Amino acid sequence: MGASQTDVYFPFLEGKQVGLVVNQTSIIKEKHLVDFLIKKKIEVSKIFAPEHGFRGDADAGEKIEDGKDKTTGLPVLSLYGKSKKPSPEMLNGIEVMVFDIQDVGVRFYTYISTLHLVMEACAEQNIPLVVLDRPNPNGDYVDGPVLEEGFESFVGMHPIPIVHGLTVGELAKMINGEKWLKNGVQCDVTIVPMEHYSHKRFYDLPVKPSPNLPNYQSIRLYPSLCLFEGTTISAGRGTMIPFQIYGHPDPEAGPFSFTPRSIDGMAKYPKFENQTCYGYDLREDENARTFSLEYLLDAYFHYKDKENFFLKNKFFDKLAGSDQLRKQIKANLSEDEIRLSWQDRLTEYKKMRKQYLLYPDFEL
């Protein structure tokens, strides 16, 4: 891991006031990076926490408050509360920033949006950023529609496909290289790459990247099942097996049943709370490990009230990256027809992606 290669990045940190963008995945030699750096006499002055918080125990979308780390007494500043971008005041006194967070390689997973805004803030304040790279557990392929202009949001800031096939370090290179930061500014980024990593490798995360991605199967199903978050279908939030099941309260919706409930640190007031839902269990389905529209199309086809399948808040369009997928589903297009519509932009993206790779690719 990048974090383990202290001889590479310690020279950037020694004698400086350091800010850390970290969470529960920022582990080095079974210690949290914060504790490890302090023990090594690095002057950590502030911790910045993304969605789900510094210790990773907040529900998706839950506002994170500023606070103090009980272990070190350091201030913890939220990047998922009043502000998602570090303000000049928050960065005051910081001489170098470090980003070390485990991503899952999906466009709407918000840690990469935090990366973008941290890069932008650092560029504006002339603060160098060190990115400690980690594997992408969905990094062995690229798939899905590319986000279209006008549909940018915190769940999709870049014109990349749903499964982008990049590590955080490679994406940081792309953000800089394509000048995607506001006003075309570029961040002074040093990427500490991993050793012996390849996009052909499968990687099972040792720490949950967020409360509702508890295991490898959920992480591999997440690109497909997260699209249900913009519909009336539950993807299992409020159970101990989120993003491995889906359904809704119609007994005809499928053979598997589950009942969402509020779970501390995982799901507060989940969709269909305390109602029995019926649908499908994908925990043992190894074919479900790449991006697919099969579940979404099947759920729509069998849903009786089609007018109300998609939520009125247009969240589905933000996740999909345009309004096209929603319109295509409503027009009863097949998966093959839908996939054909995004191939040209996906091919363009794949060519661009090659310029920014730091590791051997899954294809020649």
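The table below lists the values:
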{"quantity": "Qualifying residue in the range 225-240 (condition: open to solvent by 10 Å² or more (accessible area, probe 1.4 Å) and either assigned to a strand (DSSP E or B) or in contact with an Asp or Glu (Cβ under 6 Å, 6 or more places away or on another chain) (or both))", "calculated": "no"}
{"quantity": "Residue in the range 312-321 that is farthest from PRO159 (Cα to Cα), counting only those that are surrounded by fewer than 20 Cβ atoms within 10 Å (Cβ to Cβ) and not charged (D, E, K, R)", "calculated": "ASN313"}
{"quantity": "Any hit, the range 74-81, residues being within 24 Å of PRO11 (Cβ to Cβ) and modelled with pLDDT under 95", "calculated": "yes"}
{"quantity": "Residue within the range 285-292 that is out of contact with any Gly (no Cβ under 8 Å at 6 or more places or on another chain), part of a helix (DSSP H, G or I) and acidic (Asp, Glu) present", "calculated": "yes"}
{"quantity": "Of all residues in the range 234-292 being acidic (Asp, Glu) and out of contact with any Ser or Thr (no Cβ under 8 Å at 6 or more places or on another chain), the one that is farthest from GLY53 (Cα to Cα)", "calculated": "GLU252"}
{"quantity": "Subset of the range 310-357 (residues that are without any contact (Cβ under 8 Å) to a residue 40 or more places away in the chain and hydrophobic (A, V, I, L, M, F, W, C))", "calculated": "ILE329, ALA331, LEU333, LEU340"}
{"quantity": "THR232 being polar (S, T, N, Q) and in contact (Cβ under 8 Å) with a residue 60 or more places away in the chain", "calculated": "yes"}
{"quantity": "Qualifying residues in the range 295-311 (those that are hydroxyl-bearing (Ser, Thr, Tyr) and open to solvent by less than 20 Å² (accessible area, probe 1.4 Å)) - the one nearest to the chain's Cα centre (by Cα)", "calculated": "TYR295"}
{"quantity": "Residue match in the range 241-253 (condition: part of a loop (DSSP other than H, G, I, E, B), on the phi > 0 side of the Ramachandran plot and either of a type in the set (Ser, Thr, Tyr) or under 20 Å from the mean Cα position of the chain (by Cα) (or both))", "calculated": "yes"}
{"quantity": "Failed criterion for TYR222 (all others in (1) open to solvent by 10 Å² or more (accessible area, probe 1.4 Å); (2) outside any helix (DSSP H, G or I); (3) of a type in the set (Ser, Thr, Tyr) hold)", "calculated": "(2)"}
{"quantity": "In the range 255-314, the residues that are farther than 20 Å from GLU335 by Cα and among the hydroxyl-bearing types (Ser, Thr, Tyr)", "calculated": "SER257, THR259, SER262, TYR269, THR276, TYR278"}
{"quantity": "Residue list for the range 17-43, filter: assigned to a strand (DSSP E or B) and either open to solvent by less than 40 Å² (accessible area, probe 1.4 Å) or touching a residue at least 40 places away in the same chain (Cβ under 8 Å) (or both)", "calculated": "VAL18, GLY19, LEU20, VAL21, VAL22, ILE27, ILE28, HIS32"}
{"quantity": "The range 282-294, residues that are in contact (Cβ under 8 Å) with a residue 40 or more places away in the chain, open to solvent by 60 Å² or more (accessible area, probe 1.4 Å) and not β-branched (Val, Ile, Thr)", "calculated": "ARG283, ARG289, GLU294"}
{"quantity": "Residues of the range 325-336 classified as touching a helix residue (DSSP H, G or I) at 6+ places or on another chain (Cβ under 7 Å) and either open to solvent by 30 Å² or more (accessible area, probe 1.4 Å) or not in a helix (DSSP H, G or I) (or both), total", "calculated": "2"}
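Here is a yes/no grid of residues against (1) part of a helix (DSSP H, G or I); (2) at pLDDT 95 or above; (3) of a type in the set (Ser, Thr, Tyr):
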site	(1), (2), (3)
ASP7	yes, yes, no
PHE12	yes, yes, no
GLY15	no, yes, no
SER45	no, yes, yes
HIS52	no, no, no
ALA58	no, no, no
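Yes/no matrix, rows are residues, columns are (1) under 22 Å from PRO135 (Cα atoms); (2) of a type outside the set (A, V, I, L, M); (3) in contact with a Leu (Cβ under 9 Å, 6 or more places away or on another chain):
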| site | (1), (2), (3) |
| --- | --- |
| SER198 | yes, yes, no |
| ASP204 | yes, yes, no |
| PRO214 | yes, yes, no |
| ILE245 | no, no, yes |
| PRO249 | no, yes, no |
| ALA253 | no, no, no |
| SER257 | no, yes, no |
| PRO260 | no, yes, no |
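So that you can scan it fast, the table gives a plain yes or no per residue for (1) charged (D, E, K, R); (2) more than 13 Å from MET119 (Cα to Cα); (3) out of contact with any Pro (no Cβ under 7 Å at 6 or more places or on another chain); (4) open to solvent by 20 Å² or more (accessible area, probe 1.4 Å):
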position	(1), (2), (3), (4)
SER153	no, yes, yes, yes
PRO159	no, yes, yes, yes
VAL163	no, yes, no, no
GLU170	yes, yes, yes, no
GLU178	yes, yes, yes, yes
ASP188	yes, no, no, yes
PHE202	no, yes, yes, yes
PRO211	no, yes, yes, no
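The values are calculated or read from the model by the stated rules, or taken from the named source; none is laboratory data. Everything numeric here is computed off the predicted structure, so don't read it as measured data. In this analysis, Cβ positions are derived from the backbone assuming ideal geometry, glycine residues included, and neighbour counts consider all displayed protein chains. For the accessible areas, the whole protein counts, side chains as well, though only heavy atoms, and no ligand, DNA or RNA atoms are used. Shrake-Rupley method; radii C 1.70, N 1.55, O 1.52, S 1.80 Å.
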